[in-house]
């Protein structure tokens, strides 16, 4: 193996030639003049004592001048490459659930944008478990009865589900006095048992007005807003529609579930500041709702 001078020593030599002074080179490099002098002496000895005509005055030999002329573009290329790397926009890549993204995350992203105006936020949706060690995501938000556990993972509970029955005021105006059981019923394919969880198996039979099934809860909620029927959904996901008056809570109670949403990331990923800000923002957004929802059997 061929021995080569260290890049650090060659960088010091380059700065000495540029400045013509050990002291100025040391200042530019953020080290002491003594450290520069020692590295230059070691480099000169390694190269056969041919670098200087006058080492005390930092005057290079013609041969050393040609060496530094050759080194200059190489170090410029390194500086350019590092600058390009640092100039790349930071990003947060989030894997989450479709309905959570549409109904909860997206309506709040404006507040996150105010904190991370120059950070790209990439949102991907999927139901399957995600392997954060093998897939190109910085974090995930998943629905589970307990936090996922794996070596090197950090999990943070966001909020538990509180199911309620919601419907459009237009639907209720058209069916005044109708009980929940008499209303058309909406369901999501991924959550077919939610009506039973709210009403109990004995009262969750087939309604006379029929059932319409959608692929996702966000589609189901849009159908509820359109007056197509009543839906059972987590109040956190219906919050925007309830606040706007597009839906009203008609169940008179909420039913807390043992499942909830969890933020998951690799412990090492939290070394990146944008991800820490995203995590802290999630904590604030969910903490504002903690304790506001009651539960009933």
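Of [x] 6, 30, 38, 21, 5, 0; [y] 5, 21, 19, 13, 11, 9, 8, 8, 5, 1, 0; [z] 5, 20, 27, 23, 14, 8, 3, 0, which one was derived for P(r) over Cα pairs in 10 Å bins from 0, in percent from the structure shown?
[y]
Please give the peptides 257-266, 275-284 ranked by average Cβ packing (other Cβ atoms within 10 Å per residue), highest first, as a rough proxy for protection.
257-266, 275-284
At a threshold of 8 angstrom on Cα-Cα distance, excluding pairs fewer than six apart, so keeping six or more, what relative contact order does the chain reach in percent?
20
Determine the percent antiparallel among the DSSP beta bridges restricted to the chain, to the nearest 5.
Within the chain, antiparallel bridges account for around 60 percent of the total.
Can you give the convex hull volume per residue for the Cα atoms of region 161-257, as a whole number of Å³?
Expressed per residue, the convex hull around the Cα atoms of region 161-257 is 87 Å³.
Within 10 Å, count the other beta carbons around each residue, average over each peptide in 38-50, 98-110, and list them highest first.
Output ranking for 38-50, 98-110: 98-110, 38-50.
Please work out the Cα center distance from region 69-148 to region 22-59, rounded to the nearest Å.
First find each Cα centre; the distance between them is then 44 Å.
Which order do peptides 150-156, 215-221 fall in by mean Cβ count within 10 Å, highest first?
The peptides rank, most packed first, as 215-221, 150-156.
Only counting other Cβ atoms within 10 Å, I'd like 68, 165 sorted with the fewest neighbours first.
With the fewest neighbours first, 68, 165 line up as 68, 165.
Tell me, what does the Kirkwood hydrodynamic radius of region 122-197 come to in angstroms if you use every pair of distinct C-alpha atoms?
Hydrodynamic radius (Kirkwood, Cα pairs) of region 122-197 is 16.4 Å.
Build a GNM of the chain with springs between Cα atoms under 10 Å: which of 135, 272, 161 gets the top mean-square fluctuation?
So, out of 135, 272, 161, the one fluctuating most is 135.
Report, in deg cm²/dmol and to the nearest 500, the calculated mean residue ellipticity at 222 nm for the chain, where each DSSP H run with n ≥ 4 adds -39500 (n - 2.57) and the sum is divided by the residue count.
-11500 deg cm²/dmol
Computed from the coordinates by the stated procedures, all read-outs in this text should not be read as laboratory data. Remember, predicted model here, so these are calculated numbers, not experimental data. Heads up, the Cβs are rebuilt from the backbone with ideal geometry, glycines too, and the neighbour counts pull from every protein chain shown.
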